[in-house]
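Colleague: Take this structure, written in structure tokens, and hold onto it; I'll ask about it next.
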């Protein structure tokens, strides 16, 4: 069976991306339609970006490759958007963690490394909650009790 004769299902998506022309472009568009949290989607997007750069770097692009480049450009823009969003999320978490740790040091004193590592494992939402809760802390035991309540 040829790749372009495969049924258009998620199970065949990964093979159809290796196809040619319309079959390949359709598979790439289907990939872009997968949920963002799908790990396979992110991995394949990275590969498609590398592929786009490789084709661009080769110089001469034929008509079929030009059509593919348009679809790969969509994949590139999606990858770029995801990468930027992930970077912004990581930056926000890093800043929130830094602020909470500074406030805790000021409020209850130096923190044991074991407590710091538990705080480092918190999500952004949990860090924001801790930032509010720490205003009521009087001692390290208050912080530890809060962490236990968060499953940390």
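Colleague: Of all residues in region 7-49, count the ones that are closer than 20 Å to residue 69 by Cα and assigned to a helix (DSSP H, G or I).
Modeller: Result for region 7-49: 25.
Colleague: Among the listed residues 130, 124, which satisfies the condition of being in contact with a helix residue (DSSP H, G or I) (Cβ under 6 Å, 6 or more places away or on another chain) and crowded, with 16+ Cβ neighbours inside 10 Å? Steps first, answer last, please.
Modeller: On the way: 124 fails: crowded, with 16+ Cβ neighbours inside 10 Å.
Among 130, 124, only 130 is in contact with a helix residue (DSSP H, G or I) (Cβ under 6 Å, 6 or more places away or on another chain) and crowded, with 16+ Cβ neighbours inside 10 Å.
Colleague: Checking the conditions here, which among 75, 96 is closer than 26 Å to residue 127 by Cβ, touching a helix residue (DSSP H, G or I) at 6+ places or on another chain (Cβ under 6 Å) and either in a helix (DSSP H, G or I) or outside the structural domain of residue 124 (by TED's automatic domain parsing) (or both)?
Modeller: Values: 75 fails: closer than 26 Å to residue 127 by Cβ.
96 is the lone residue from the list that is closer than 26 Å to residue 127 by Cβ, touching a helix residue (DSSP H, G or I) at 6+ places or on another chain (Cβ under 6 Å) and either in a helix (DSSP H, G or I) or outside the structural domain of residue 124 (by TED's automatic domain parsing) (or both).
Colleague: So is residue 64 part of a helix (DSSP H, G or I), touching a residue at least 40 places away in the same chain (Cβ under 8 Å) and closer than 30 Å to residue 30 by Cβ or not?
Modeller: On the way: part of a helix (DSSP H, G or I): yes; touching a residue at least 40 places away in the same chain (Cβ under 8 Å): yes; closer than 30 Å to residue 30 by Cβ: yes.
Taking the combined requirement at face value, the residue satisfies it.
The values are calculated or read from the model by the stated rules, or taken from the named source; none is laboratory data. Everything numeric here is computed off the predicted structure, so don't read it as measured data. All Cβ positions, glycine included, derive from the backbone under ideal geometry; neighbour counts span all protein chains shown.
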